[in-house]
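A quick write-up on the structure given underneath.
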Amino acid sequence: MATVQQENPLTEGLERTPVHPTTLIIFGATGDLAQRKLLPAVYNLAHEGALPERFNLIGIARTDQEHDEYRSFAQEAIQKYSRRTPDEAVLSSLLDRMRYVPGSFDDPAAYESIESIAKELDDEAGMAFNRVFYLATAPSFFETIAEALGQRGLDRRENAEVRLVVEKPFGHDLESARQLNRALLSVFEERQIYRIDHYLGKETVQNALVLRFGNGIFEPLWNRSYIDNVQITAAEDIGIGTRAEYYDRSGALRDIVQNHLLQLLTILAMEPPVSFSADEVRNEKVKVLHAINPPTLEEVTQRVVRAQYASGVAEGKDVPGYLEEQGVASGSTTETYVALRLGIDNWRWAGVPIYMRAGKRLSRRVTEIAVTLKPVPHLAFQESGSLGVRPNQLILNVQPNEGVSLSLVAKIPGARMRVRPVNMEFAYGTSFMSQSPEAYERLILDTMRGDATLFARDDEVEAAWGIVDPILEAWSQDGGPLPQYAAGSPGPAEADEILLDGAEWRAL
Amino acid sequence: MTVEVWAAENTTPADIDSALRHLLEEQHGRGEGLAPARVLNMVAVVDASWRGEVLNRLERVGRYHPSRTVLCAVEDGRTTLDASARLSGDGTGDPSLISVVEERVDIRMGPSHLKRLDAIVDPLIVSDLITVVWAPHGHHDAIEAMRGLADVVLLDSADDPNPSRAISWVCRLQEHCYVVDLAWLRGTPWRERIAATFDPDQWRLALRQISKIVIRHRPDSAISGILMLGWLTSRLGWTPGSLVEEGGRHHGRARAGKVEVGLRLEPVPDLSAPGLGGITVETSDGSTLSLDRSQGGLAAKRTTRDGRESSWVVLGASRGEAGILGEGIRQALLRDPTYGPAIRCAGKMLS
């Protein structure tokens, strides 16, 4: 007869609930992501006492080195990139838990070593650790690694959980995303797979859910009757840096819109979930994606604009254009800027234009969601001397100034009834005065905890590619030179052409 | 870092309030990137001779600090109020980023002012924010006076050498406000670790088999050990028995159904930081689990009934006393439902 496990009464009231002992296995353990993000995030979790009570880390990469050499590498990475100065004693204890396996990802011997070390760690503790395999590698290795884990029987175990974390990009179009999902799901179950979109680990993004569903003031207005349009912006002031090889094959649509911006849109537009369990939230997000009518091939030119940055001035310096960047293919038609207009065909959102734009080398770094309400039907105040009465806007600032801002119209002090827009601001810094944890800290902890709420599900990823695919297809048939915008500018003038009914892009 | 200062002798709360408003207006007029922080008000009542030390403690709290601090320094014999106000921004000079502004009001007052402290500080706290009162040098009269204004009392029950008296005081305060106790917060990592250790399925049943608990503490931190026992007793549904002190050591029993649980507190003189030094939990089948302070976290050791031993370090940096105070400020904005039952159990053990 099965025994019913009683709840742990000691966890009540604790902010950090227990996480089952875990061995984290990072593929690509010497890569840029591991160095800049994963290892510092693991350290910060250790510093705060948030890691599982018993924790090990195994790194795998091609570099031929010993455990101690990897520990030195990890130490340097943590010291360089951690958001806080490491405590020597904690760092030293964490490094003691690290092991390293040299090998290529298709080498069965590497998996044999992983299994052997992981088993040794289990035996030493006298218990079965959960295992989290983190694929911080080039996407071309995802299938190979998953398959090899399956062949070695490392995809599941008795009395403990096995999870697989996959970094974006999840495919480069709908077909490749399906192929990747099929490959992963031939080894792992969907509940074991955690597809990371680090935007979802940001506090402001999570707060968008609280703002919508924890405040009665917004819900009555959150529909086509009151909302005029939505603008989602991810503007970067930097260029492609050293990522030419990746970026030239990807472009802004794949790199930002297909994942980050569509994820932001789902959170903004979803119906209230029954609960905040992973599947309830993701069910609602997928419904939004399914309700988006992608542009047809013919509509792409009216609804989507792409462009490349030309030379210009950024941070007071002359900078080259995209085509002059080192590593970019001559005559490349990869877009560094994309703006598009979508619509959500459901009762709540029908007819509300959703504008999105993402670009590099723009005048400012800003990521935000702007919800513009419809104007009042009649303005009784005098317009003469008033400073442009504008409809109310609710702005969710994702970065750099995390917070929420609501624009209102107020009377300008004086004898006459003149008005101008003013802002009500909620800034994280002023209300919490605390540093938000890095998105990766939250997400790594969630994978160890087994909470998939902030991770993309297979159908979500495929639905997002379904929206983007026709655009990619249309572009593939149109190889002409792309419109250019000066580096350091707000973007190409052509972006205005997709706006409807006198709408304007928000100033960056 | 921008700093704006105003000061006056023999002043009034209304003048201080007006000066604060003026400073804020002036500062705002100079740059829209400056935004006053709005987290919580802290009213700190301190002995004037320790004012600098308290300010140093508040400066070092790290990530969590009050947005408006009203520091009341009490001087024997003083009959007038002298005050200063300052605004300081954390600006980095980057015009695209918001600079968060903190406000501090320093008031020098006499003991006679404390009976009506509420009337003095009421105009100086930001409405609609949580107000925390903290009196690290006693001044219970100030806390009593703040009953109507304070949402939270921040205290350290280890400040009173008599644990029984400390617990009674907390229980009285809890009748009208929320209490954040630094002695309780020092025990948080221990509670988290005990909970985690017994969380895996294979160990959870052992919670019902606990037969003995030994807690090691710094000699001046018996209250931390008593609170830990109170927590275990209340969470595990034990019936608390009496805890008796003999030669600085406490011992007693609790009843877990039909099983008696032995409880013991052992002072450890060479501990550098206040709070707990270690805890050992024994179960009726002869297994033990020990957690002890060590470099880089807590040293854990488990011995099973067949004599097998397993040791590991539970990672975590020491927060230090400054970090504990910062945590106290942060906890003023949260609610821990387990502190009240734990301290009431602890009170029963000492009664």
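Quick note: the coordinates plus some simple rules give every number you see, no bench work behind them. All values reported here derive from a predicted model rather than from experimental measurement. No Cβ is skipped: glycine too gets one built from the backbone with ideal geometry, and neighbour counts run over all protein chains shown.
Results, tabulated for the structure shown:
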| quantity | calculated |
| --- | --- |
| For the range B:224-272 versus the range B:274-349, the gap between their alpha-carbon centres in whole angstrom | 14 |
| When the convex hull of its Cα atoms is projected in every direction, mean area for the range B:232-351 (nm²) | 9.4 |
| Cα radius of gyration and Dmax for the range B:98-208 (Å) | 18.9, 60 |
| 16 Å Cα-Cα reach of residue A:285 towards aspartates and glutamates, excluding residues that sit fewer than 8 places from it in its own chain | A:197, A:271, A:345, A:458, A:459, A:460, A:462 |
| Cα pair distances of the range B:246-303 binned at 10 Å [whole percent] | 18, 44, 32, 6 |
| Within the range A:345-364, backbone nitrogen closer than 12 Å to the virtual label 7 Å beyond the Cα of residue A:224 toward Cβ | A:345-353 |
| Rounded, prolate or oblate (a/c below 1.5 giving rounded, otherwise prolate when a/b exceeds b/c) for the protein assembly as shown by Cα gyration tensor | oblate |
| Rounded tilt (10° steps) of A:174-185 against the dominant C-alpha axis of chain A | 30 |
| Residues listed by number, the range A:99-116, amide nitrogen under 12 Å from residue A:151 label point at 7 Å toward C-beta | A:105-112 |
| Magnitude of the charge dipole, the range A:57-127, Cβ model with Lys/Arg +1 and Asp/Glu -1, debye to 20 | 500 |
| Among beta bridges that DSSP assigns inside the range A:122-211, antiparallel share in %, nearest 5 | 10 |
| Selected from A:499, A:301, A:22, residue furthest toward positive end of dipole (the protein assembly as shown; charges at beta carbon) | A:22 |
| Mean separation of Cα contacts under 8 Å (6+ apart) over length of the range A:78-163, as relative contact order % | 27 |
| Kirkwood Rh, Cα atoms: Rg over Rh of the range A:215-358 | 1.05 |
| P(r) of the range B:35-107 over all Cα-Cα pairs, binned every 5 Å from zero, in whole percent | 3, 14, 22, 24, 15, 10, 6, 3, 1, 0 |
| Least to most buried among A:25, A:412, A:145 (fewest other Cβ within 10 Å first) | A:412, A:145, A:25 |
| Global form of the range A:396-459, assessed from the alpha-carbon gyration tensor, a/c cut-off 1.5 | prolate |
| log₁₀ of I(q)/I(0) at q = 0.12, 0.14, 0.27 Å⁻¹ - the range B:291-351, Debye sum with one point per alpha carbon | -0.58, -0.74, -0.98 |
| Packing-based exposure ordering (other Cβ within 10 Å, fewest first) of B:199, B:15, A:32, A:197 | A:32, B:15, B:199, A:197 |
| Spin-label zone in the range A:39-60 - amide nitrogen under 17 Å from a point set 7 Å from the Cα of residue A:14 along the C-beta vector | A:45-55 |
| Square roots of five times the Cα gyration tensor eigenvalues for the range A:314-454, Å | 35, 25, 20 |
| Projected-area average for chain A over all orientations - Cα convex hull basis, square nanometres | 28.3 |
| Relative contact order, percent, chain A [alpha-carbon distance under 8 Å, six or more residues apart] | 17 |
| Cα-based equivalent ellipsoid of the range A:17-176: semi-axis lengths in Å, sorted from largest, via gyration tensor | 23, 19, 16 |
| Of all DSSP beta bridges in the protein assembly as shown, antiparallel share, percent nearest 5 | 60 |
| Set of lysines near residue A:411 by C-alpha distance (under 24 Å), chain-local residues within fewer than 8 positions excluded | A:374 |
| Using a Förster distance of 22 Å, the FRET efficiency for residue A:476-residue A:329 (Cβ separation, nearest 0.05) | 0.90 |
| Sorted largest first, extent of the range A:162-283 alpha carbons per principal axis (Å) | 45, 39, 25 |
| Per-residue Cβ neighbour rank within 10 angstrom, fewest leading, A:170, A:73, A:141 | A:141, A:73, A:170 |
| Net charge of neighbours whose Cβ lies under 13 Å from the Cβ of residue B:130, counting Lys and Arg as +1 and Asp and Glu as -1 | +2 |
| Enclosed volume per residue, in Å³, of the convex hull spanned by Cα atoms of chain B | 156 |
| Rough spin-label spacing in nm, given labels placed 7 Å along Cα→Cβ, for residue A:416 and residue B:140 | 6.6 |
| Ellipticity estimate at 222 nm from DSSP helix runs (n ≥ 4, -39,500 (n - 2.57)) divided over the protein assembly as shown, nearest 500 | -9000 deg cm²/dmol |
| Lysine pairs in chain B with Cα atoms under 23 Å, if 8 or more residues apart or on separate chains | 4 |
| Estimated distance in nm for a label pair at residue A:210 and residue A:346, the labels positioned 7 Å out from Cα along Cα-to-Cβ | 2.4 |
| Beta bridges by DSSP in chain B, antiparallel share as percent, to the nearest 5 | 60 |
| Relative contact order (%) - chain B, alpha-carbon pairs under 8 angstrom, separation at least six | 16 |
| Separation in nanometres of the label points that stand 7 Å from Cα toward Cβ, at residue A:138 and residue A:378 | 6.7 |
| Span per principal axis, largest first, for the Cα atoms of the range B:1-41 (Å) | 34, 23, 16 |
| Added length on full extension, which subtracts the Cα-Cα distance from 0.36 nm per residue, residue B:162 to residue B:244 | 28.2 nm |
| Top positive-direction residue, dipole computed over chain B with Cβ charges, set B:84, B:150, B:178 | B:178 |
| Fraction of the pair-distance distribution of the range A:85-184 above 15 Å, Cα-Cα pairs, percent | 69 |
| All-pairs alpha carbon distance profile, the range B:37-187, 5 Å steps from 0, percent | 2, 9, 18, 22, 20, 15, 8, 4, 2, 1, 0 |
| Under 15 Å, Cβ to Cβ, from residue B:184 - net charge with Lys/Arg +1 and Asp/Glu -1 | -3 |
